[in-house]
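Notes for the one structure printed next.
The values are calculated or read from the model by the stated rules, or taken from the named source; none is laboratory data. Keep in mind it's a predicted model, so treat the numbers as computed, not measured. Cβ: placed from backbone, ideal geometry, glycine included. Neighbour counts: every protein chain shown.
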Amino acid sequence: MAKTAIFRGAVCFAVSIAAVTPSLASGLERGGYNIDLLFDPSDYVLDSSATFVAPQRKVENARDNPLKSGGPLPGSWSTTADDSENYWSTRVGAKAAIGDFGDCMFDYSQPWGADLNPGIWQGSSYNIETKVKSHNYATTCRVKFDLGKGDFSIIGGGFYQEVSGYKYRQVVSPTALGPAYPSLYSGVGKLDMEGDGWGWRAGVAYEIPEIAFRTSLVYNSAVDHDLNGTVDLRSLPAAGSPALIAYGGKVTPVYGSVSMPDSLELKVQSGIAPNWLAFGSVKWTDWSQIQVVPFCQVGVPSCIAGVTSLTTLDLYYRDGWTVTGGIGHKFNDQWSGAVSLTWDRGTSTVIGTQTDTWMVGTQLVYSPTPNVEFKIAGAVGLLTSGESSISGGRCSNVGTATCGDEAGYSFGSDVVAAISTGVKVKF
């Protein structure tokens, strides 16, 4: 039988408070990775959650680079736009104890994603709409050993991951299209992409159930994705520049690659008084490995951004850091609650809108019976201000081409809100 701690109720809501805050992290992170279910004291557990996030990022003072699209964008196009869209992130998991020796969990999650839809504006040459989604299927196990007053665990597992998405942007300015816009051509191009890959995780943990103490250190590997897709330029004429003659008016198969980042996370929790729990975590994510993602026509032997690429995804990320701390309390046998504060370092550098974020999260857990929990959590955060440079940056270490210089803009401090619900059944 699994061990039962005197702070068991506090342990449960400390685990589930994580359902909201990771969904607000930088880079392409949505649900991220979470293996807290592995430590649930029950022998068998089914757990599910859904998180709705509503960022309110607004960009302004947009200025187009006419050299990138053959002419200035129409003056009637707005210099402001709502850059972000609401999105959902879901997670489903199951955990089973393996006697007294360990546990295994199986889970589905959506760790990565992007939902940007500024529409038609003075930054359309950089982005009109971008969507990225992911699916992650993981198995994680741990083996426990008695050590002192508690249990020491060795953690290991693997996961299969799928990533897909698309991006629309203004490739040729309506000014350059002249009378052909918009009756014949819109000048908008589309990139479609998809890929998959495998990853692994490893870590250690130490628990003292009698005081609800647990600390864990878990590493998640990078996942290399070989991407396949198309560049659709049927809304552009096959005339004019050599690039338009070669690719305009048709759909071109392309390929690329990206390595989704590895991460390292330290978590600590401990009972500090009867029915009171303190918890915290520090996570590093290697987003800096994603700078510019090139896509080349199928058949080109070496895909180099700005040299042989047909198009690129320009991100210029830096490493992400997320720090969370909080307090939880078990009110009675049916109700528990928690509050947390999270700081997430923004990953944007020369371009993008991902600046530092501060978030306050709350959680309520209702247990009508010892075997069922209903969870609801909410978070509200501050997205700090910044700007995206029109100068961009170098495409790669080969050549002198510049990427990410299609447009520049600024943005003030904005608000993000999220709500999460979940159900856990254990026996």
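Is at least one residue of region 211-221 within 30 Å of residue 295 (Cα to Cα), within 24 Å of the chain's Cα centre (by Cα), at pLDDT 95 or above and of a type in the set (S, T, N, Q)? Yes, the conditions are met somewhere in region 211-221.
Filtering region 157-183 down to residues that are within 11 Å of residue 235 (Cα to Cα) and polar (S, T, N, Q), which residue is modelled with the lowest pLDDT? Can you show your working first?
Taking region 157-183 as the starting set, the residues that turn out to be within 11 Å of residue 235 (Cα to Cα) are 170-172, 177, 180-183.
From what's left, polar (S, T, N, Q): 170, 183.
Working: 170: 98, 183: 94.
Applying the filter and picking the extreme gives 183.
Which of the residues that make up region 301-315 are touching a residue at least 24 places away in the same chain (Cβ under 8 Å), of a type outside the set (A, V, I, L, M) and either surrounded by fewer than 17 Cβ atoms within 10 Å (Cβ to Cβ) or in a strand (DSSP E or B) (or both)? If the condition is that a residue be touching a residue at least 24 places away in the same chain (Cβ under 8 Å), of a type outside the set (A, V, I, L, M) and either surrounded by fewer than 17 Cβ atoms within 10 Å (Cβ to Cβ) or in a strand (DSSP E or B) (or both), then 311, 312, 314 are the ones that fit.
Considering region 131-150, and only residues there that are in contact with a Pro (Cβ under 8 Å, 6 or more places away or on another chain) and buried (at least 21 other Cβ atoms within 10 Å of the Cβ), the residue that is nearest to residue 211 (Cα to Cα) turns out to be 136. Exactly one residue out of 109, 186 is of a type in the set (S, T, N, Q), modelled with pLDDT of 95 or more and touching a strand residue (DSSP E or B) at 6+ places or on another chain (Cβ under 7 Å): that is 109. Here residue 237 fits the description: buried (at least 17 other Cβ atoms within 10 Å of the Cβ) and closer than 29 Å to residue 131 by Cβ.
The number of residues in region 139-179 being assigned to a strand (DSSP E or B) and either in contact with a Leu (Cβ under 7 Å, 6 or more places away or on another chain) or of a type outside the set (Gly, Ala, Ser) (or both) comes to 23.
Please determine whether any residue of region 254-263 is of a type in the set (Val, Ile, Thr), within 25 Å of residue 30 (Cα to Cα) and buried (at least 21 other Cβ atoms within 10 Å of the Cβ). Talk me through it step by step, then tell me what you get.
Of all residues in region 254-263, those of a type in the set (Val, Ile, Thr) come to 254, 258.
Of the ones still in play, those that are also within 25 Å of residue 30 (Cα to Cα) are 258.
Of the ones still in play, those that are also buried (at least 21 other Cβ atoms within 10 Å of the Cβ) are 258.
Yes, that holds for at least one residue.
Checked against the criterion of being outside any strand (DSSP E or B), at pLDDT below 95 and within 28 Å of residue 361 (Cα to Cα), region 57-76 contains not a single residue that satisfies it.
If you go through region 80-138 and pick out every residue that is within 24 Å of the chain's Cα centre (by Cα), in a strand (DSSP E or B) and β-branched (Val, Ile, Thr), you end up with 4.
Being among the β-branched types (Val, Ile, Thr), surrounded by 19 or more Cβ atoms within 10 Å (Cβ to Cβ) and touching a strand residue (DSSP E or B) at 6+ places or on another chain (Cβ under 8 Å) is true for just one of 323, 293, 298. Which residue is that?
293
Do we have any residue at all in region 112-132 that's within 20 Å of residue 423 (Cα to Cα) and in contact with a Lys or Arg (Cβ under 8 Å, 6 or more places away or on another chain)? No, there is no match, as no residue in region 112-132 is within 20 Å of residue 423 (Cα to Cα) and in contact with a Lys or Arg (Cβ under 8 Å, 6 or more places away or on another chain). Residue pairs whose Cβ atoms lie under 8 Å apart, sitting 6 or more positions apart in sequence or on different chains, and linking a residue in region 207-235 that is without any contact (Cβ under 8 Å) to a residue 24 or more places away in the chain to a partner that is among the small types (Gly, Ala, Ser), are 234/249. Of the residues making up region 137-152, just one is among the hydroxyl-bearing types (Ser, Thr, Tyr), more than 30 Å from residue 117 (Cα to Cα) and free of Cβ contacts under 8 Å to residues at least 60 places away in the same chain, namely 139.
Quick grid of which residues meet (1) under 30 Å from residue 325 (Cβ atoms); (2) hydroxyl-bearing (Ser, Thr, Tyr); (3) in a strand (DSSP E or B):
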position	(1), (2), (3)
196	no, no, yes
203	yes, no, yes
216	yes, yes, yes
228	no, no, yes
235	no, yes, no
